[in-house]
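Everything below concerns the one structure shown next.
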Amino acid sequence: MKHFRVLLINPPNSVPIKSNFVINVFQPLGLAYVASSLEKHKYSVEIFDALALGFDQEKIIASRKVIGADYQTIKNKIIDYRPDLVGIATPFSFQSFESHQIAKIVKKINPKIITLAGGTHATIQPDEMLNDKNFDYLIRGEGEYATVELLKALEKKTSLKNISSLSYRNKQNKIIHNPRSLPIQKLDALPFPARHLLPMDKYLQAAKKGRVVEGMLAFGHKRTSIFTSRGCPFNCTFCSVHLTMTRMWRGRSPENVLKEIKECVYKYGIKYFDILDDNFTLDPKRAKKICRLIIKEKLNIQWSTPNGIRADRVDETLIKLMKKAGCIQVKVAPESGSPLVLKNIIKKHLDLDMVKKTVSLCKKHHLSVEAFFVVGFPEETIDDIYKTISFAKELRRLGCDYCYFFIATPYYGTEMYADAVKKGYLDESRYHLNKIITTTNKSLLKSPNYTHKKLFELLKVAAKVNPPITKIRLKSGLKMLILDPKRILTYSFGYLRNFLP
Ligand code: B12
Ligand code: SF4
């Protein structure tokens, strides 16, 4: 039997015109994981990363700034490739607008082409996606096994009832959600993400133009993202990770991780890795072994943990090994400097003394360390926010290189969102479910304890905790100045705005 031809698309991305949010290119490893599983089962598959392929194209469409390949180019690709099925990713809720546009294009070309949605937003809001008749099917959570099962069932025209994690409309047009599958236990059994189907040169070009998150770090190096584990057992109220990856943490074996790193080094010439796990150091013994293997192989790579590690899951031996294995920066995420906020409002359950200890250890072993903070939780008081600012100052005194301050964002499906709805904290006039992004210039929540104006005054105070520019930023900033002067001016202006009265 002839197998289906599959085209997987990472859509362009957009933000409202007035937002100062920077759209960045990322490697859609979720799609690449689905693609490699399909290849393993002999499907013909291609990935069209519209965001990366058109990273240097910006257009205004329907009051939004859109970055990525234009719709005509995407249309031409679909016509040329002649797929039986198009899988469309929704990595972020705010990218879902484009996912719907692409499904519409597919159905206009040929209504018989099957459309399938997957990714974070599809998982969190499957009804919203499937109410759009341009989508036929949707997979919630991890897509590797479910997509293969769906394709087999569609080819053989067998029942869809037993395909775990699948959502679809039945003959009566009712949306059906099959039960979710258990999280994938044996991550080592998955083939590595199909980087050979991604436009790897585009990510380097985008990085050179500063169009990647952490673009300033290891600026200009060939880089990739990598996941050594999935899931996180903690219950932070603002976090939506468990909705896709579950609360069951699953680590790949150190040997399997090393094999992928080596493939990246030798096949793609990659020198720099973003370890993007939800919780890289949850099992410190495993993390140490990964470092030891990298050291033993003398791979001479650099890496960082941009999504943050839990400060209570590291010790001095691990920090030393990380440094020796090429780690150049870690991020810690205390989120708040108020123990009450940590315990009762966001339920992070993190000991702030551990954060201080980890920052000191990083500095002792010459590792750059940065910290994430969030302010604007409705029940937080002004005093709590001052505690956060004081704690950030303390971390800076201990050597923390930079402190980021974000505004609390109630992502759909999180405890924080449910609580905000229940207690009337959600600012309905600002909250557009599918368009929210983590903002630095807008709060989507109302607080009984402070006004928006006061919150922004406090954010300006918080920004002054940071040095005008750190050594690492200065070095990469200078490189960027040479390669893309316009971009560095935009960055600098955005940064300086924090200090204006
Ligand atoms: C890595 C990561 C990033 C990376 C890369 C993004 C990416 N999507 O690849 C970077 C650093 C760029 C990033 C940035 C941001 N991120 Co982020 N990020 C993540 C993180 C930790 C992992 C995503 C990932 O790649 N996982 C690994 C792969 C293997 O999993 P996956 O993508 O989910 O794919 C699987 C399934 O979803 C499914 N699947 C995926 N696509 C498809 C397609 C089809 C057709 C099918 C069938 C299945 C399928 O199968 C895949 C394999 O199992 C998630 C948390 C999480 N664990 O989900 C947050 C997360 C996606 N990020 C989030 C947010 C909010 C952001 C930011 C807005 C934060 C900020 N401060 O600015 C920025 C925005 C980026 C920008 N400027 O454009 C939120 C999204 C919430 C939402 N509802 O939109 C999440 C869920 C974390 C959270 N806060 O709760 N992020
Ligand atoms: S520790 Fe991090 S990944 Fe885990 S629930 Fe909290 S914020 Fe989410």
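Could we say that Asn235 is farther than 20 Å from Pro91 by Cα, surrounded by fewer than 21 Cβ atoms within 10 Å (Cβ to Cβ) and more than 14 Å from ligand 2 (Cβ to nearest atom) here? Explain how you work it out, then say what you get.
Values: farther than 20 Å from Pro91 by Cα: yes; surrounded by fewer than 21 Cβ atoms within 10 Å (Cβ to Cβ): yes; more than 14 Å from ligand 2 (Cβ to nearest atom): no.
So Asn235 does not fit the description; no.
Being under 26 Å from Val25 (Cα atoms) and part of a loop (DSSP other than H, G, I, E, B) narrows it down to one residue among Glu128, Glu142; which is it? Don't jump to the end; show me each part of the working.
Details: Glu128 fails: part of a loop (DSSP other than H, G, I, E, B).
So the residue among Glu128, Glu142 that is under 26 Å from Val25 (Cα atoms) and part of a loop (DSSP other than H, G, I, E, B) is Glu142.
Here are some conditions: (1) in contact with a strand residue (DSSP E or B) (Cβ under 6 Å, 6 or more places away or on another chain); (2) surrounded by fewer than 16 Cβ atoms within 10 Å (Cβ to Cβ); (3) not basic (Lys, Arg). Val355 meets all but one. Which one does it not meet?
Every condition holds for Val355 apart from (2).
How many residues does the range 382-410 contain that are part of a loop (DSSP other than H, G, I, E, B) and surrounded by fewer than 20 Cβ atoms within 10 Å (Cβ to Cβ)?
Residues of the range 382-410 that are part of a loop (DSSP other than H, G, I, E, B), as a first pass: 398-401, 408-410.
Now restrict to residues that are surrounded by fewer than 20 Cβ atoms within 10 Å (Cβ to Cβ): 398-399.
The total comes to 2.
Each row is one residue, and each column tells you yes or no for (1) at pLDDT 95 or above; (2) part of a helix (DSSP H, G or I).
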| site | (1), (2) |
| --- | --- |
| Tyr33 | yes, yes |
| Lys42 | yes, no |
| Gln95 | no, yes |
| Ser99 | yes, yes |
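For residues that are outside any helix (DSSP H, G or I) and open to solvent by 20 Å² or more (accessible area, probe 1.4 Å), scanning just the range 311-342, find the one that is nearest to Lys289 (Cα to Cα).
Here is the first cut: in the range 311-342, the residues outside any helix (DSSP H, G or I) are 314-315, 325-338.
Checking which are open to solvent by 20 Å² or more (accessible area, probe 1.4 Å) leaves us with 315, 328.
On the way: Asp315: 14, Ile328: 18 Å.
The selected residue is Asp315.
Limited to the range 291-307, what total is found for residues that are within 16 Å of ligand 2 (Cβ to nearest atom) and either outside any strand (DSSP E or B) or open to solvent by less than 10 Å² (accessible area, probe 1.4 Å) (or both)? Steps first, answer last, please.
So in the range 291-307, the residues within 16 Å of ligand 2 (Cβ to nearest atom) come out as 305-307.
Now restrict to residues that are either outside any strand (DSSP E or B) or open to solvent by less than 10 Å² (accessible area, probe 1.4 Å) (or both): 305.
Within the range 291-307, residues that are within 16 Å of ligand 2 (Cβ to nearest atom) and either outside any strand (DSSP E or B) or open to solvent by less than 10 Å² (accessible area, probe 1.4 Å) (or both) number 1.
Which of (1) polar (S, T, N, Q); (2) closer than 30 Å to Lys186 by Cα; (3) in a helix (DSSP H, G or I) does Asn76 not meet, given it meets every other one?
Result: Asn76 fails condition (2) only.
Identify, by number, the condition in (1) open to solvent by less than 40 Å² (accessible area, probe 1.4 Å); (2) at positive phi that Lys157 doesn't meet.
Evaluating Lys157 over (1) open to solvent by less than 40 Å² (accessible area, probe 1.4 Å); (2) at positive phi leaves (1) as the failure.
Yes/no per residue for (1) open to solvent by less than 10 Å² (accessible area, probe 1.4 Å); (2) within 11 Å of ligand 1 (Cβ to nearest atom); (3) closer than 17 Å to Leu154 by Cα; (4) assigned to a loop (DSSP other than H, G, I, E, B):
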{"position": "Val15", "(1), (2), (3), (4)": "yes, yes, no, no"}
{"position": "Asn20", "(1), (2), (3), (4)": "no, no, no, yes"}
{"position": "Leu38", "(1), (2), (3), (4)": "yes, yes, yes, no"}
{"position": "Asp56", "(1), (2), (3), (4)": "no, no, no, yes"}
{"position": "Lys59", "(1), (2), (3), (4)": "no, no, no, no"}
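The conditions are (1) open to solvent by less than 30 Å² (accessible area, probe 1.4 Å); (2) in a helix (DSSP H, G or I), and Asn279 fails exactly one of them. Which is it?
Checking Asn279 against (1) open to solvent by less than 30 Å² (accessible area, probe 1.4 Å); (2) in a helix (DSSP H, G or I), the one that fails is (2).
Name the helices (runs of 4 or more DSSP H) wholly within the range 153-270 that hold at least 2 residues that are in the same structural domain as Cys291 (by TED's automatic domain parsing) and over 17 Å from the mean Cα position of the chain (by Cα)? Show your work before the answer.
Numbers: elements: 200-208, 241-245, 254-268.
Hits in the range 153-270: 254-268.
For the range 343-357: of the residues being assigned to a loop (DSSP other than H, G, I, E, B) and without any contact (Cβ under 8 Å) to a residue 60 or more places away in the chain, which is farthest from Ile407 (Cα to Cα)? Don't jump to the end; show me each part of the working.
Keep residues of the range 343-357 that are assigned to a loop (DSSP other than H, G, I, E, B), which gives 346-351.
Within this subset, residues satisfying the condition of being without any contact (Cβ under 8 Å) to a residue 60 or more places away in the chain are 350-351.
Values: Leu350: 19, Asp351: 22 Å.
By that ranking, first place goes to Asp351.
The values are calculated or read from the model by the stated rules, or taken from the named source; none is laboratory data. Nothing here was measured: the structure is a model prediction, and the numbers come from that model. Cβ coordinates were reconstructed from backbone atoms using ideal geometry, including for glycine residues, and neighbour counts include every protein chain displayed. These accessible areas exclude ligands, DNA and RNA; they are computed on the full protein's heavy atoms, side chains included. Shrake-Rupley method; radii C 1.70, N 1.55, O 1.52, S 1.80 Å.
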